[in-house]
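Some notes on the structure that comes next.
The values are calculated or read from the model by the stated rules, or taken from the named source; none is laboratory data. Since we're looking at a predicted model, the values are computed, not measured. For neighbour counting, all protein chains shown are included, and Cβ atoms are generated from backbone atoms with ideal geometry for every residue, glycine included.
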């Protein structure tokens, strides 16, 4: 194999390794309960936010924005799976947003909003 080909092969492998490290550096939300723009019945609501990497549950944050735009910080269950942020609370009908801030174990912080609607019980 020529030197030029070896260098090219090395550069391709190094680039792939760097892209792989960069892609795993951020906690990306891959699934949630409730779903974005979904609906749940009024009462006790469970929240499960699943990420593509392990999360520092102690330093992550879940904030509930209520229909009147007031906000409350929800307590994260630190006994759940290491790639999830789990919590629950009682909710009345209305439009809500769950603001999440997830700290990946490598120190990268990601944020997002999860809007959903709580409907009256049938």
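If you go through the stretch 101-114 and keep only what is part of a strand (DSSP E or B) and more than 13 Å from residue 63 (Cβ to Cβ), you end up with 103, 104, 109, 110. The set of residues in the stretch 67-83 that are closer than 18 Å to residue 112 by Cα and surrounded by 15 or more Cβ atoms within 10 Å (Cβ to Cβ) comprises 74, 76, 83.
Can you find a residue in the stretch 87-102 that is within 9 Å of the chain's Cα centre (by Cα) and in contact (Cβ under 8 Å) with a residue 60 or more places away in the chain?
Yes: the stretch 87-102 contains one or more residues that are within 9 Å of the chain's Cα centre (by Cα) and in contact (Cβ under 8 Å) with a residue 60 or more places away in the chain.
Taken over the stretch 31-66, the criterion of being within 15 Å of residue 111 (Cα to Cα) and loosely packed, with under 14 Cβ neighbours inside 10 Å is satisfied by 31, 36, 59.
I need a count of the residues in the stretch 53-71 that are within 18 Å of the chain's Cα centre (by Cα) and over 11 Å from residue 102 (Cα atoms).
Looking only at the stretch 53-71, we keep the residues that are within 18 Å of the chain's Cα centre (by Cα), and these are 53-65.
Filter once more, keeping what is over 11 Å from residue 102 (Cα atoms): 63-65.
Final tally of qualifying residues: 3.
Conditions tested, residue by residue: (1) modelled with pLDDT of 95 or more; (2) within 30 Å of residue 122 (Cα to Cα); (3) not in a helix (DSSP H, G or I).
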{"site": "7", "(1), (2), (3)": "no, no, no"}
{"site": "67", "(1), (2), (3)": "yes, yes, yes"}
{"site": "73", "(1), (2), (3)": "yes, yes, yes"}
{"site": "79", "(1), (2), (3)": "no, no, yes"}
